[in-house]
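So the structure is just underneath, and the comments pick up after that.
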There are 2 protein chains.
Amino acid sequence: MYEGVVQDLIDELGRLPGVGPKGAQRIAFHLLSADPDEVTRLADALVQVREKVSFCQECGNVAEGERCRICLDPRRDPGLICVVEQSQDVAAIERTREFRGRYHVLGGAINPIGGVGPDDLRVRELVARLADGQVQEVILATDPNLEGEATATYLARLLVPYEGVRVSRLASGLPVGGDLEYADEVTLGRAFEGRRLLSG
Amino acid sequence: MYEGVVQDLIDELGRLPGVGPKGAQRIAFHLLSADPDEVTRLADALVQVREKVSFCQECGNVAEGERCRICLDPRRDPGLICVVEQSQDVAAIERTREFRGRYHVLGGAINPIGGVGPDDLRVRELVARLADGQVQEVILATDPNLEGEATATYLARLLVPYEGVRVSRLASGLPVGGDLEYADEVTLGRAFEGRRLLSG
């Protein structure tokens, strides 16, 4: 429909997640009339990411180099490992500023229907990190859905033999700012189950 | 939040129209785990577009070179000019395969509130194309909204002195496949106004 290179760009943009054909066209025409520097910066950012970014050999998080920023930070407690499904979850937890330990990125969750088993995740690498006896607690922060719960249950069982390592799971309950009336029954059930004593 | 170059990419992606912060993050992580060739192709497409694509000196459509594909095509009728707001509109009309004339891309529509007047659009260039007396009809295909109608009205008046040049406007009415019950009153009013005689 368009001149060759414009159509090429629309096609490439249309392959990105969450960008449909209309969105790809809109972005392409935005870039055509945008400051040429903006296009250059985007192209450079892509090249840089491809060349420089890899995954941390320790925790599996995105990293520039062999170790990620968090694993390289000596102020982060190596006795505390928070297990998450993906790097985006690391970013979400970092935004809370609540957690001062380290992470372990599994690269997904167990999903038998999708053909993802423990061997497809960085489970062996997690177990290897417990070998030196430094880790005191593993916090399972996989998603509170079917796959995430299955993964947490699997890991909790797997880590039973490691004495001195506590295994915990993030609390489920009502989201802050949410409305009890509109909570689904599973979440509300969990909120009851995990209720905290305020007095007495 | 992320390592330098990943955050750079998220920032650049987040500047694109229709891509929010979450979408930018999703695209960035998709590219991180994607085939490196895909990232290269996208970066190349951006560089190519920046280097090769410009605007047709004749009609203002996107072009690789001085003239666009349509202006270079000798089979396209030079006596018929379809005036549109932007290149995307050219693509939309080309998809209908109804129109065998040429185009004129204004680069927007008159919008006094947004500070866009006739001098900000390629109006002078349109008038210049009428000078050689070859053009028989100018079809005003600006958007059927306030700005597009204002632009069409302005151009229709401007082109009155050009004898031998018919000026027409795309029909307004019920969209094909639409539902009369749900049509807005302005569209329905236009559909009555523009009704066609089927017999008698």
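The values are calculated or read from the model by the stated rules, or taken from the named source; none is laboratory data. Just so you know, these numbers come straight off a predicted model, no measurement behind them. For neighbour counting, all protein chains shown are included, and Cβ atoms are generated from backbone atoms with ideal geometry for every residue, glycine included.
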- Note on the structure: Scanning region A:29-51 residue by residue, those more than 7 Å from chain B (Cβ to nearest Cβ) and crowded, with 17+ Cβ neighbours inside 10 Å turn out to be A:44
- Kindly provide the set of residues from region B:142-155 that are farther than 13 Å from residue B:118 by Cβ and either surrounded by fewer than 17 Cβ atoms within 10 Å (Cβ to Cβ) or of a type in the set (Lys, Arg) (or both), ordered by number. B:143, B:144, B:145, B:146
- Could you say whether any residue in region A:122-142 is within 16 Å of the chain's Cα centre (by Cα) and within 14 Å of chain B (Cβ to nearest Cβ)? yes
- Within region B:161-174, identify whether any single residue is among the charged types (D, E, K, R), out of contact with any Ser or Thr (no Cβ under 7 Å at 6 or more places or on another chain), part of a helix (DSSP H, G or I) and loosely packed, with under 15 Cβ neighbours inside 10 Å, and answer yes or no. no
- In region B:136-160, how many residues are assigned to a loop (DSSP other than H, G, I, E, B) and aliphatic (A, V, I, L, M)? 3
- Determine whether region A:109-121 contains at least one residue that is among the β-branched types (Val, Ile, Thr), within 17 Å of residue A:169 (Cβ to Cβ), buried (at least 17 other Cβ atoms within 10 Å of the Cβ) and in contact (Cβ under 8 Å) with a residue 40 or more places away in the chain. yes
- Item | Answer residue from region B:60-78, given it is touching a Gly at 6+ places or on another chain (Cβ under 7 Å) and either of a type in the set (Asp, Glu) or in a strand (DSSP E or B) (or both) and is farthest from the other protein chains (Cβ to nearest Cβ) among those | B:77
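When you check residue A:102 against the structure, is it in contact with a Lys or Arg (Cβ under 6 Å, 6 or more places away or on another chain) and modelled with pLDDT of 95 or more, yes or no?
Answer is yes for this residue.
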- Item | Tally, over region A:79-99, of residues that are assigned to a helix (DSSP H, G or I) and buried (at least 19 other Cβ atoms within 10 Å of the Cβ) | 4
- Note on the structure: Taking region B:29-49 and keeping only residues that are over 17 Å from residue A:4 (Cα atoms), assigned to a helix (DSSP H, G or I) and free of Cβ contacts under 8 Å to residues at least 24 places away in the same chain, one is left with B:29, B:30, B:31, B:33, B:36, B:37, B:38, B:39, B:40
- Query: Would you pick out the residues in region B:1-14 that are among the charged types (D, E, K, R) and either touching a Ser or Thr at 6+ places or on another chain (Cβ under 8 Å) or at the interface with chain A (Cβ under 7 Å from one of its Cβ atoms) (or both)?
  - Reply: B:3, B:8, B:12
- Message: Taking the criterion of being outside any strand (DSSP E or B), at pLDDT below 95 and in contact with a Lys or Arg (Cβ under 8 Å, 6 or more places away or on another chain), would at least one residue in region B:108-124 satisfy it?
- Response: no
- Is it true that some residue in region A:46-67 is touching a strand residue (DSSP E or B) at 6+ places or on another chain (Cβ under 8 Å), β-branched (Val, Ile, Thr) and either modelled with pLDDT of 95 or more or under 20 Å from residue B:34 (Cα atoms) (or both)? yes
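Suppose the filter is within 7 Å of chain A (Cβ to nearest Cβ), at pLDDT 90 or above, touching a Pro at 6+ places or on another chain (Cβ under 6 Å) and assigned to a helix (DSSP H, G or I); does residue B:26 pass it?
yes
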- Item | Neighbours by Cβ (under 8 Å, 6+ apart or cross-chain): first from region B:79-102, in contact (Cβ under 8 Å) with a residue 40 or more places away in the chain; second part of a helix (DSSP H, G or I) and charged (D, E, K, R) | B:81/B:129
- Does residue B:57 fit the bill of being away from chain A (no Cβ under 11 Å) and either touching a His at 6+ places or on another chain (Cβ under 9 Å) or of a type outside the set (A, V, I, L, M) (or both)? yes
- Kindly list the number of the only condition in (1) in a loop (DSSP other than H, G, I, E, B); (2) of a type in the set (A, V, I, L, M); (3) in contact (Cβ under 8 Å) with a residue 24 or more places away in the chain that fails for residue B:131. (3)
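Residues checked against (1) closer than 22 Å to residue A:85 by Cα; (2) polar (S, T, N, Q); (3) not assigned by TED's automatic domain parsing to the domain that holds residue B:103:
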site	(1), (2), (3)
B:13	no, no, yes
B:19	no, no, yes
B:25	yes, yes, yes
B:33	yes, yes, yes
B:37	no, no, yes
B:41	no, no, yes
B:57	no, yes, yes
B:65	no, no, yes
B:68	no, no, yes
